[in-house]
Amino acid sequence: MLARGRWLLAAVLLACCALGAFAPAARADGDPASDVLVYQNLFVTSESGMSTGQQAEVASLLASAAHAGFPIRVAIIGAPVDLGAVTALWDKPSAYASFLGIELSLVYKQRLLIVMPNGFGFNWTGHPSGPAYQVLSQVDIGAGGDGLTTATVTAVQTLAAASGVKLATPAAPATPSHGISRRQFAEWALIAIACLAAADVLYRLTRRFGPRVKRQWRPWLASVPRQLRRPVVGTSVAGFLVLAVTAGIVIHVVTGPPASGASIPQSTLLAENPGLDPGKSLSGAAPGFTLTGQSGQPVSLESYRGKVVILAFTDPGSTTLGPMTTAALLDAKTMLGAAGSQVQLLGIDASPTAISVSAVRSYSEFHGMLSRWSFLTGSSSQLRSVWQAYSVGGVTLSQSQADQSPAVFVIAPDGKLAKLYLTRQSYAAVGQFGQLLADEAARLLPGHPAAPSHLSYAKLAGASPAATTTLPRAKGGNVTIGPGDPAQSRLYLFLATWDQQSTDLASQLKLLNSYQLAAGAAGLPSLTAVDEGSLEPSASAITGFLAGLKSPLWYELAVDRGQVADGYRVRGAPWFVLVSPSGKLLWSWNVSTSGWLTNATLDQHVRAALAQAK
């Protein structure tokens, strides 16, 4: 049985900071914190070295601060990779605070605290930062996750005190015990009792008949007097049986009957999986609307009454959460089999600028959804009205941030809101998210048809850059990625075929042939491309794309199902990642937000990252 503390810890983390460890890239600059802090008051990743309990402790303090009338959001930056594409601001907390404050200014104008190992940054739109920096100068930052935790808690409390708000130090959530369970203790006790009983039998026999055993083994038992053999052996065996039965009764009374099966319940796995949002139950009628579909026809929500509707707010220019959401929706309908005909997939344009019919049609086409859903758009005022109508369940959709809201609503056949999910940054969890949506749809359909998929909701660990991983090659065979020659770093480019929607992917991949050709002679790391197969519209998408190239690629192209992208902290596509020989992430570049690099510029970035790592 899981300790009660684990439930508390999971609840706090999921409510407050679970998305921090899977931060999406910002639309403008690839800065992960700028997306996460739109929804939450804490951004923190595993790079900080903070335990889940410490992260929950900080999140609890921030929730208490908000309740006390002292709203403040915190970004804990434990390593350059936490800055996404703005690594130049590493070790510059005050500059990053100003930068992030501008990024969030459309949706958040309150206090913003930056915590880096070398100091603090502070920003409060429309207010001078001098007094805050004077307060923060009194707080020291220790080493490691413990130091960051203590410094963050102290800094928030000190800032609050300067404003006349007293915040108590939050109690760290109880951590699950790693000792043996009561059942295990009882079972070991039974074994010990059995061993003692057996030893007693041997001791009694040896004491009475030891000399005869030494002289002659084979006739040993026959030489024991019949009148002595039965009482000695019988008494010991009877005692053993009595003790064993007694221990069994104790086990049953103290711990109850053993659980059926050794597996952890799916609900528990779901609650503990940071890559999945378990969903929030809703009530009331779903707000109605009539918008324009990708083929130019009017579409109303009312027209799908009688079906389960899975409605996703999607930015047609998104390269991360949008494609993840779309793939999950498609998986959900596919998993339902024949019952999928009773489910309607809808997308609503979540971009304030890309509102044309051609934009939603292009997105649908490149993601293989043209005939599988209706992607709706409209005028700015029409979209704004729908965003505001669906600002429920703790999610605020507005013109300034709807494009950053990975919200998925499940609507029952009678038109009532049933569930709200938020897409989380995890490539590997896309299939699990699809199953989650399929299970919810099945619950709402007549007869409750079971989804044939039986995926576990257990967290899928990302492949570490420090570990060797074998992936299928796009054209057959396998590709090994991970640590190579001890003296050689590795450069990776993560991509997907739907990148063609916003960039000339084919031409750029061909230009990288020149980089690969010169890399060896120049002492630069070789290039390996990785296709995000979990988000492709079909298994044949990448092979079809390669067949359309007029010349072959001179570097390897592998296919990933999500674990490698998660492990390499990919936050968009296309995405460059430079990895050291030991598996340390040295540099990353989000092409979708920062543009393609020329080979010369790529050379400069790689050399600079390698030099800084020495």
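The values are calculated or read from the model by the stated rules, or taken from the named source; none is laboratory data. Here the structure is a predicted model, which is why all the values come from computation and not from measurement. Backbone-built Cβ (ideal geometry, glycine too); neighbour counts: all protein chains shown.
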When every residue in segment 378-426 that is among the small types (Gly, Ala, Ser) and assigned to a helix (DSSP H, G or I) is compared, the one modelled with the lowest pLDDT is 402
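What residue, of 247, 328, is in a helix (DSSP H, G or I), small (Gly, Ala, Ser), surrounded by 17 or more Cβ atoms within 10 Å (Cβ to Cβ) and at pLDDT 90 or above?
328
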With the first residue restricted to segment 293-313 and required to be in a loop (DSSP other than H, G, I, E, B), and the second required to be aromatic (Phe, Trp, Tyr) and surrounded by 14 or more Cβ atoms within 10 Å (Cβ to Cβ), Cβ contacts under 6 Å at 6 or more apart or on different chains are 294/375
Looking for something assigned to a loop (DSSP other than H, G, I, E, B) and polar (S, T, N, Q) - is there at least one such residue anywhere in segment 91-100? no
Checked 86, 74, 107, 81 against criteria (among the hydrophobic types (A, V, I, L, M, F, W, C), out of contact with any strand residue (DSSP E or B) (no Cβ under 9 Å at 6 or more places or on another chain) and surrounded by 20 or more Cβ atoms within 10 Å (Cβ to Cβ)); the one match is 86
* Of the residues that make up segment 42-50, is at least one under 27 Å from residue 464 (Cα atoms), charged (D, E, K, R), without any contact (Cβ under 8 Å) to a residue 60 or more places away in the chain and assigned to a helix (DSSP H, G or I)? -> yes
Going through segment 122-142 in order, the residues found to be touching a strand residue (DSSP E or B) at 6+ places or on another chain (Cβ under 8 Å) and outside any helix (DSSP H, G or I) are 122, 123, 124, 129, 139, 141
